[in-house]
1. Answer yes or no as to whether Ser10 is within 16 Å of Leu150 (Cα to Cα), open to solvent by less than 40 Å² (accessible area, probe 1.4 Å), modelled with pLDDT under 80 and of a type in the set (Gly, Ala, Ser).
2. Could you list, in sequence order, the residues of the stretch 122-154 that are surrounded by fewer than 20 Cβ atoms within 10 Å (Cβ to Cβ) and under 9 Å from the mean Cα position of the chain (by Cα)?
3. Scan the stretch 73-96 for residues that are modelled with pLDDT under 90 and either of a type in the set (A, V, I, L, M) or part of a helix (DSSP H, G or I) (or both) and report the count.
4. Let me spell it out: the conditions are (1) in a loop (DSSP other than H, G, I, E, B); (2) open to solvent by 20 Å² or more (accessible area, probe 1.4 Å), and Ala165 meets all of them except one. Which number is the exception?
5. Where residues in the stretch 107-118 are without any contact (Cβ under 8 Å) to a residue 60 or more places away in the chain and open to solvent by 20 Å² or more (accessible area, probe 1.4 Å), which of them is farthest from Ser145 (Cα to Cα)?
Amino acid sequence: MTVLGGVARSGNDHLVLVPTILARQNVRNTPELNSRSSADVSFGASDSRSIASNGRWLVAIDARIDNPEELADAVGGNQIHPAGVADLLLAAWTKWKDACLERILGDFAVAVFDYQDRSLFLARDATGQRPLFYKIAGRATAFASMPSGLASIFNASSPNLSMLARHQANLLHIDNQTFFTGIERVMPGEVVR
């Protein structure tokens, strides 16, 4: 699993928050660590091939894509670096925007920031095999592969007692709540804007 983390629209705080988000998910500064930042956004990942940008879009992805050749051919195959899953997502997103997610066969969790309209998209595949969580504070949104990455940023999150009670009662988790107040999960097959 590639660990993702990012912050959009939080002033300059995002430059220091992303390393904290990754560290809280037990990702340390390794040779594979990759991050991209601008005035509005910062993304980080534990794998250097999981982030790509083209000036309009910034993408981060944790995925196992089962049809990379088919996707690459559909977006102009010879322009895509074969080892870069983020490059493939970026090309597909540029061509089809969020409709590209329907064309991906496999497990994925993605974050896409649009520099032009300053919007953030978070999405997971229909089976939800790759986790993705988010936290909103004012105009800022942070995301991470694990909720532990978000628990202490912006305002510290307290335990979500109703979720803990449901878990202890062995009841199904059918909504986007987590064990932390203020942290929500992207549901399987969901696109959060």
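1. On the way: within 16 Å of Leu150 (Cα to Cα): yes; open to solvent by less than 40 Å² (accessible area, probe 1.4 Å): yes; modelled with pLDDT under 80: yes; of a type in the set (Gly, Ala, Ser): yes.
Considered against the rule, which asks whether it is within 16 Å of Leu150 (Cα to Cα), open to solvent by less than 40 Å² (accessible area, probe 1.4 Å), modelled with pLDDT under 80 and of a type in the set (Gly, Ala, Ser), Ser10 comes out as yes.
2. Correct list: Pro131 only.
3. Total satisfying the criteria: 5.
4. Here Ala165 meets the rest and fails (1).
5. Asp117
The values are calculated or read from the model by the stated rules, or taken from the named source; none is laboratory data. These numbers come from a predicted model, not from an experiment. Glycine also receives a Cβ, built like all others from the backbone with ideal geometry; neighbour counts cover every protein chain displayed. Protein only, heavy atoms only, side chains kept; ligands, DNA and RNA dropped before computing areas. Shrake-Rupley method; radii C 1.70, N 1.55, O 1.52, S 1.80 Å.
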